[in-house]
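Q: One structure follows; several queries about it will come next.
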């Protein structure tokens, strides 16, 4: 047998096997379950569109967390609405009743935007006016990464907004809220907060 014939025979014997039928596609994996850090409170924000469970960063934003817990304990949030909804940006609530009736609040709190936490998708932060220390009861959930809201300096334009928690479950609810029809950033059909329960 010639050398060329022998090489052809060896190649045929070592050729990879023909592929069999394609394997079924793997099943969609459920989202990873996030767990709170030890000692951090957990709250369930029940809305007219579903529940959002959040971890509150008591270790990194103690003033903001204590403030949120105070309003929750006083029963302030039930009946309030997500009054500002901007798709691809934030859903904001906790200060107005349907009809854009503003609820009276406690005094504003310290702005903890210098705590190093970032306004990334799924984080919970204190809403405020252009005045640096004007946050009261209103909060927002970031539905995108919003680095423009982070602390970047000490001028009013750069100080940023204080992140004080993150969504553990129910981000799909926040996304559905972000998708509702709006007029001037206000949902046409009100999205209400039914309760805020601290676990």
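Nothing in this text is a laboratory measurement; each read-out follows from the coordinates by a stated rule. This one's a predicted model, so the numbers in the text were calculated from it and none came from an experiment. Neighbour counts run over all protein chains shown; Cβ positions are idealised from the backbone, glycine included.
Q: Multiply the residue gap between residue 120 and residue 69 by 0.36 nm, knock off their C-alpha separation, and tell me the result in nm, one decimal place.
A: Stretched out fully, the residue 120 to residue 69 stretch lengthens by 16.1 nm.
Q: Next up: For a quick protection proxy, order the peptides 136-146, 46-56, 151-161 by their average other-Cβ count within 10 Å, most packed first.
A: 136-146, 46-56, 151-161
Q: If each of residue 157 and residue 198 carries a label point 7 Å out from its Cα toward its Cβ, how far apart are those two points in nm?
A: Output for this residue pair reads 3.9 nm.
Q: Quick one: what Rg and Dmax do you get for the stretch 155-198 from the alpha carbons, in Å?
A: Both quantities, over Cα of the stretch 155-198: 14.3, 37 Å.
Q: For the stretch 57-177, what does the equivalent ellipsoid look like in terms of its semi-axes, each the square root of 5 times an eigenvalue of the Cα gyration tensor, given largest first in whole Å?
A: Semi-axes (√(5λ), whole Å): 20, 18, 14.
Q: Next question, about the same structure. Can you pull the one-decimal nm distance between simple spin-label points at residue 105 and residue 130, each 7 Å off the Cα toward Cβ?
A: The modelled label-to-label distance comes out at 1.8 nm.
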